[in-house]
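Student: Next up is a structure, given as structure tokens.
The values are calculated or read from the model by the stated rules, or taken from the named source; none is laboratory data. No experiment lies behind these values; they were computed from the predicted model shown. Note: ideal-geometry Cβ built from the backbone for every residue, glycine included; neighbour counts use all protein chains shown.
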Amino acid sequence: MDNPSQRRALTKGLISSGLKPTQVKNIASTTMADRIPGGEMSKRVTEFRKNKDIKVLFIDKQSASGYNLQEGNTLHVLGTPSDAANYLQAQGRLARMPRIGDVAVRTYKYSDVPFEDQKWMKIDAGIKILQATSPGLFV
């Protein structure tokens, strides 16, 4: 996730589709007016990992690298990751041991922003290289 407007729109959509506000947690500090301290972020991650009622955890490029989120089943990528390494970092946080089961990755790309297309071409190229060199990581 990239910004507050994405967070607001997605939260509204999730709630209108039936989720309760308590089922959505946010550790994407770039989507908040005030950054939350690390202790609060860690508390929210622990709640996500242990409370089966919590269905969604918003992350951003800063929070993607700090937590093991193996309890997640689907990674929805709404913003454009800064690079392939950051994109894979978020995927890796869900796929780490002692994970059981597969992880689905859903990517939403903008088609009306040329510089976003260029970033995705670089990311896709990086993923193709990784897929060629480590095919066991991909289904």
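Student: Got a sec? Which of 52, 25, 43 is modelled with pLDDT of 90 or more, out of contact with any helix residue (DSSP H, G or I) (no Cβ under 8 Å at 6 or more places or on another chain) and not in a loop (DSSP other than H, G, I, E, B)?
Tutor: Exactly one residue qualifies, and that residue is 43.
Student: Pick from 46, 22: which is within 17 Å of residue 71 (Cβ to Cβ), surrounded by fewer than 17 Cβ atoms within 10 Å (Cβ to Cβ) and without any contact (Cβ under 8 Å) to a residue 24 or more places away in the chain? Spell out how you get there, then give the answer.
Tutor: Values: 22 fails: without any contact (Cβ under 8 Å) to a residue 24 or more places away in the chain.
Just one listed residue meets the conditions, 46.
Student: Would you tally the residues in segment 55-109 being among the hydroxyl-bearing types (Ser, Thr, Tyr), under 23 Å from residue 19 (Cβ atoms) and outside any loop (DSSP other than H, G, I, E, B)?
Tutor: Within segment 55-109, the subset among the hydroxyl-bearing types (Ser, Thr, Tyr) is 63, 65, 67, 74, 80, 82, 87, 107-108.
Now narrow it down to the ones that are under 23 Å from residue 19 (Cβ atoms): 63, 67, 74, 107-108.
Filter once more, keeping what is outside any loop (DSSP other than H, G, I, E, B): 63, 74, 107.
The qualifying residues number 3.
Student: Examine segment 68-90 for a residue that is within 30 Å of residue 121 (Cβ to Cβ), surrounded by 15 or more Cβ atoms within 10 Å (Cβ to Cβ) and among the charged types (D, E, K, R), and state whether such a residue exists.
Tutor: No, every residue in segment 68-90 fails to be within 30 Å of residue 121 (Cβ to Cβ), surrounded by 15 or more Cβ atoms within 10 Å (Cβ to Cβ) and among the charged types (D, E, K, R).
Student: So, residue 40, is that one touching a strand residue (DSSP E or B) at 6+ places or on another chain (Cβ under 9 Å) and over 17 Å from residue 8 (Cα atoms) or not?
Tutor: On the way: touching a strand residue (DSSP E or B) at 6+ places or on another chain (Cβ under 9 Å): no; over 17 Å from residue 8 (Cα atoms): yes.
When the stated conditions are applied, residue 40 does not pass them.
Student: With 34, 2 as the choices, which residue is exposed (fewer than 11 other Cβ atoms within 10 Å of the Cβ), at pLDDT below 90 and assigned to a loop (DSSP other than H, G, I, E, B)?
Tutor: Going through 34, 2 in turn, just one is exposed (fewer than 11 other Cβ atoms within 10 Å of the Cβ), at pLDDT below 90 and assigned to a loop (DSSP other than H, G, I, E, B): 34.
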